[in-house]
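*Asks:* My questions will all concern the structure given below.
The values are calculated or read from the model by the stated rules, or taken from the named source; none is laboratory data. Keep in mind it's a predicted model, so treat the numbers as computed, not measured. Note that we place each Cβ from the backbone using ideal geometry, even for glycine, and neighbour counts take in every protein chain shown. All accessible areas refer to the heavy atoms of the entire protein, side chains included, with ligands and DNA or RNA removed. Shrake-Rupley method; radii C 1.70, N 1.55, O 1.52, S 1.80 Å.
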Amino acid sequence: MAKTSTSKLDPLDLFDVRSALTDEERMVQDSVARLVDEKVLPIIQKCFEEHRFPKELIPELAALGLLGSSIHGYECAGLNSIAYGLICQQLERGDSGIRSFVSVQSSLCMYPIYAFGSEEQKQRYLPRMARGELIGCFGLTEPHGGSDPANMKTHAKRRGKDWVLNGSKMWITNGAIAGLAVVWAMTEEGIRGFLVERGTPGLATPEIERKFSLRASVTAALFFDNVLVPEQNVLPGVLGLKGPLSCLTQARYGIAWGVIGAAQACLAQLLDYTADRVLFGRTLAHNQAVQIRLAEMARQITAAQLLALQLGRLKEAGTLTPAQVSLAKWNNCRMALDIARDARDLLGGAGISAEYVPIRHMLNLESVITYEGTETIHQLTIGRELTGISAF
Ligand SMILES: Cc1cc2nc3c(=O)[nH]c(=O)nc-3n(C[C@H](O)[C@H](O)[C@H](O)COP(=O)(O)OP(=O)(O)OC[C@H]3O[C@@H](n4cnc5c(N)ncnc54)[C@H](O)[C@@H]3O)c2cc1C
């Protein structure tokens, strides 16, 4: 009978997903992990407490090629989808706020310019965005309800060769630090994408203060009061809701990978804690009830990793559908939030302390499970896929 290997498994990668990666993907994983260990983890809890996005990390993220990493040309790294997923996963091991910054810059701003922009727009914006010299934001959600973007009130009207933009956007990541906003607005022809530069008269971007979640990320409202946008700043290649939705598919893909990192960070800390903490004469790890909870976390992380890997393969094959991304975003966000909450509980009182990571991840994940489509919206998307009936 063949002997089962006794080599110790990586508790954060029980099915050895790493062995399914190419050398290049492993290299990306290692270099981003190093960046997170050396630059993000030492400062991130303080940033969270101070409600401050660590802008000083932008040059480091850019230098590693993490901004617009999937784009070919325009000074971008041209990495594959799995590598992009691994980037998100390592960054979110640090903090969802850092991953959100990269997701928005890459998937929600650089991607639409790359996919739907004119050659002149690509040349004008993408290299500066890849270098981190120009920060982008993505304005889709409006104050009256983000789950129903088709009911958009922000509108643009033609005035001669230009457009006049009026309306508002809410909950916009990077909004207060962005030099460029990709804004989706209703026109007579349907929804179109507008590239609005900071400093354009009539544009205001007040930061949303007093958040309990994603405190190391900038969130803002955008107000447009007769903002004049030249025709050359309209994305020529897309019309209708499929424009913003295709960006969201890219970003949700990254989230499905990213949140695994947050869950791994919680489990890693919990394994140390339960090994050391002695109650009733034995470590917490000696209790069946504790082991079952740790095993449950490992089970969920492993399933999420395999799901993300297959999602990446579908994306690489060009067959990925939005419903598949919805299932992964839903499953993996739920998985990470449940693990963060349970890890918080298993740490007892220490679980509410800034000395431990689960409560920060837990609070962040409350945003991550809400933005880019709430859990309910993704469930309804799968429901529609199964039944053919739209129940939104
Ligand atoms: C920190 C943060 C950053 C964000 N960044 C961005 C960004 O960069 N760009 C951007 O455009 N947006 C951004 N968002 C907005 C985010 O995408 C929206 O908050 C989200 O889509 C939900 O919209 P809403 O908040 O208006 O909630 P609503 O749409 O008002 O939903 C309220 C509740 O109703 C539920 N619901 C909605 N419809 C149905 C239905 N048919 N049946 C049953 N239940 C339903 C929802 O699931 C939710 O629980 C961000 C949000 C946060 C919190």
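*Asks:* Rounded to the nearest 10 Å², what accessible area does Lys242 have for a 1.4 Å probe in the complete protein model?
*Replies:* 130 Å²
*Asks:* Ok, one more. Relative contact order (percent) for the stretch 296-392, with alpha-carbon contacts under 8 angstrom and 6 or more residues of separation?
*Replies:* Values: 72 pairs, mean separation 25.6, N = 97.
The normalised contact order for the stretch 296-392 reaches 26 percent.
*Asks:* Taking the highest mean first, how do the peptides 218-228, 314-324 order by number of other beta carbon atoms within 10 angstrom per residue?
*Replies:* Values: 218-228: 20.2, 314-324: 14.3.
With the highest mean Cβ count within 10 Å placed first, the list reads 218-228, 314-324.
*Asks:* Work through the residues other than Asn226 whose Cβ is under 14 Å from its Cβ and net out their charges, Lys, Arg +1 and Asp, Glu -1.
*Replies:* Net local charge, Asn226 excluded: +1.
*Asks:* Sticking with this one: Mind running the shape call on the stretch 1-133? Use the C-alpha gyration tensor, a ≥ b ≥ c as the square roots of the eigenvalues: rounded below 1.5 for a/c, prolate if a/b tops b/c, oblate otherwise.
*Replies:* Working: a/c = 2.88, a/b = 1.48, b/c = 1.95.
Cα axes put the stretch 1-133 in the oblate bin.
*Asks:* In square angstrom, what is the accessible area per residue of the stretch 307-366 with a 1.4 angstrom probe?
*Replies:* On a per-residue basis, the stretch 307-366 sits at 40 Å².
*Asks:* What are the GluC sites (Glu not before Pro) within the stretch 92-133 that DSSP puts in a loop, where the Cβ has at most 15 other Cβ atoms within 10 Å? Display every interim value, and only then the final one.
*Replies:* On the way: sites: Glu92, Glu119, Glu120, Glu133; in loops: Glu133.
Loop-located and lightly packed - Glu133.
*Asks:* Helix-derived [θ] at 222 nm for the chain: sum -39500 (n - 2.57) over DSSP H runs of at least 4, divide by residue count, nearest 500? Intermediate results must be reported in sequence, preceding the final value.
*Replies:* Working: 12 runs with 183 residues, N = 392.
For the chain, the value works out to -15500 deg cm²/dmol.
*Asks:* First select every other residue whose beta carbon is under 12 angstrom from the beta carbon of Ser353; then total the charges, Lys and Arg +1, Asp and Glu -1.
*Replies:* On the way: positive: Arg344, Arg360; negative: Glu49, Glu355.
Here the count lands on 0.
*Asks:* So what is the relative contact order for the stretch 198-336, in percent, with contacts set as C-alpha pairs under 8 Å and at least six apart? The partial results should precede the final answer.
*Replies:* Values: 99 pairs, mean separation 34.6, N = 139.
Over the stretch 198-336, the number comes to 25 percent.
*Asks:* Fully extended, how many nm does the chain gain between Ile382 and Arg277 (0.36 nm per residue separation, minus their Cα-Cα distance)? Intermediate values should be presented prior to the final figure.
*Replies:* On the way: separation 105, 0.36 × 105 = 37.80 nm, distance 4.24 nm.
Once the chain is fully extended between Ile382 and Arg277, it gains 33.6 nm.
*Asks:* A further question follows. Determine the distance separating the Cα centre of the stretch 74-106 from the Cα centre of the stretch 117-189; give it in Å without decimals.
*Replies:* The two parts, judged by their Cα centres, are 21 Å apart.
*Asks:* If you don't mind, another one. Once you've got the GNM for the chain with C-alpha springs shorter than 10 Å, pick whichever of Ser246, Ser107, Ser217 has the biggest mean-square fluctuation.
*Replies:* With Cα springs under 10 Å in the chain, the top fluctuation among Ser246, Ser107, Ser217 is at Ser246.
*Asks:* Right, here's the next one. Just the accessible area for Tyr356, please: 1.4 Å probe, Å², rounded to the nearest 10?
*Replies:* That residue has around 60 Å² of solvent-accessible surface.
*Asks:* Chymotrypsin sites (Phe, Trp or Tyr not before Pro), restricted to the stretch 132-178: which are DSSP loop and have at most 15 other Cβ atoms within 10 Å? Mind showing how you got there, number by number?
*Replies:* Numbers: sites: Phe138, Trp163, Trp171; in loops: none.
Filter output for the stretch 132-178: empty list.
*Asks:* If you don't mind, there's one more thing I want to ask. Rounded to the nearest Å, what's the spacing between the alpha carbon centres of the stretch 227-247 and the stretch 248-283? Just the number, please.
*Replies:* 39 Å
*Asks:* In percent, what relative contact order does the chain have, based on Cα pairs under 8 Å that are 6 or more apart in sequence? If you can, show how the numbers build up before the last one.
*Replies:* Details: 697 pairs, mean separation 69.0, N = 392.
Reported as a whole number, the value is 18 percent.
*Asks:* Here's another thing I want to ask about it. Expected output is a single nm value to one decimal: the length gained when fully extending between Asp162 and Ile292, i.e. 0.36 nm times separation in residues minus the C-alpha distance. What is it?
*Replies:* Values: separation 130, 0.36 × 130 = 46.80 nm, distance 6.23 nm.
Gain on extension, Asp162 to Ile292, equals 40.6 nm.
*Asks:* Next question. Taking the Cβ of Leu248 as the center, what net charge do the other residues with Cβ under 13 Å away carry, scoring Lys and Arg +1 and Asp and Glu -1? Before the final figure, lay out the partial values.
*Replies:* Numbers: positive: Lys242, Arg252, Lys329; negative: Glu372.
For residues surrounding Leu248, the net value is +2.
*Asks:* Using the per-residue mean of other Cβ atoms lying within 10 Å as a proxy for protection, in what order, highest first, do the peptides 276-287, 253-264 fall?
*Replies:* On the way: 276-287: 12.6, 253-264: 29.3.
Per-residue Cβ counts within 10 Å, averaged per peptide and sorted highest first, yield 253-264, 276-287.
*Asks:* Karplus couplings for the stretch 55-67 from phi (6.51 cos²θ - 1.76 cosθ + 1.60, θ = phi - 60°), rounded to Hz, Gly and Pro as x?
*Replies:* Couplings: 4, 5, 7, 4, x, 5, 5, 5, 4, 7, x, 8, 9 Hz.
*Asks:* When the accessible area of the stretch 1-116 is split by element with a 1.4 Å probe, what percent falls to carbon and sulfur?
*Replies:* Numbers: 2920 of 5230 Å².
Answer for the stretch 1-116 is 56 percent, counting heavy atoms of protein chains only.
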